Amino acid sequence: MLVFDLLYPTPDSGEDDFVELARRSVPPAQVRPTYFPWPTDVEDLATLGTADRYDAVRRLGSEEHLRAVLPPLMGAETRPNVSMFGVTSASFMQGRDGAADQLRTLAEITGVPVTSTTVAFQRALVHLGISRVSLASIYHPIGSDHFVDRLRDAEVRAVGRVDVDAGSRLSVLSNQGDNSTR
């Protein structure tokens, strides 16, 4: 069975989608979430302004931060076949060269091939021959601009766009008190 380690910063915030997709694949694969911490000064993204939030996301995916927090988490279990950096915004905020550098850093740390959600999306669009997309983005326009730049890097043009600037699921749930479900 193909085993993926999913490098992810926040438990219970969407990683179950990766696990379920792998379970449904033929042949089935296994996804093991590996949670890593946000920079120490980041407590709650929902309390940060836009610029500070994107600074935190940029630092989350920085080489310095990844080299500091990931090595102790690697090797606790058997080595996976591949690792996935499942933090889309932290993979597209680094810029074109930064995304490639980030993958090299992650491959050095994990010792296995690595991709990110951004790079996987780019490669899928190229593989499918898609050159134009309409974008419905959960990000603030600042974040969406970076994502559109990564699309452009793959020679894909965003012909329409809606930016929602949605808060994280955890922020929404924490504001609902004891009635929230996960």
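The values are calculated or read from the model by the stated rules, or taken from the named source; none is laboratory data. Because the structure is predicted, anything quoted here is derived from the model rather than measured. As a convention, Cβ positions derive from the backbone with ideal geometry for all residues, glycine included, and neighbour counts pool all protein chains shown.
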Could you tell me which numbered condition V82 fails, if it satisfies all but one of (1) at pLDDT below 95; (2) over 23 Å from A56 (Cβ atoms); (3) touching a helix residue (DSSP H, G or I) at 6+ places or on another chain (Cβ under 7 Å)? (3)
State all residues of the stretch 42-61 that are without any contact (Cβ under 8 Å) to a residue 12 or more places away in the chain and either part of a loop (DSSP other than H, G, I, E, B) or touching a Phe, Trp or Tyr at 6+ places or on another chain (Cβ under 8 Å) (or both); if no residue qualifies, say none. E43, L48, G49
Every residue from the stretch 51-78 that is in contact with a helix residue (DSSP H, G or I) (Cβ under 8 Å, 6 or more places away or on another chain), within 19 Å of F18 (Cβ to Cβ) and either of a type in the set (F, W, Y) or modelled with pLDDT under 90 (or both): M74
Based on this model, can you work out whether T10 counts as among the hydroxyl-bearing types (S, T, Y), in a loop (DSSP other than H, G, I, E, B), more than 24 Å from R150 (Cβ to Cβ) and touching a residue at least 60 places away in the same chain (Cβ under 8 Å)? no
Is there a residue in the stretch 17-37 that is small (G, A, S), loosely packed, with under 14 Cβ neighbours inside 10 Å and part of a helix (DSSP H, G or I)? no
Suppose we keep only residues that are surrounded by 15 or more Cβ atoms within 10 Å (Cβ to Cβ) and of a type in the set (S, T, N, Q) within the stretch 117-159. Which one would you say is nearest to L21 (Cα to Cα)? T117
Show me the strands (runs of 3 or more DSSP E) entirely contained within the stretch 65-169 in which 2 or more residues are more than 14 Å from the chain's Cα centre (by Cα) and of a type in the set (A, V, I, L, M, F, W, C). 132-137, 157-163
Which of the numbered conditions does D5 fail, given that it passes all the others? Conditions: (1) in contact (Cβ under 8 Å) with a residue 40 or more places away in the chain; (2) among the charged types (D, E, K, R); (3) surrounded by fewer than 18 Cβ atoms within 10 Å (Cβ to Cβ); (4) not in a helix (DSSP H, G or I). (3)
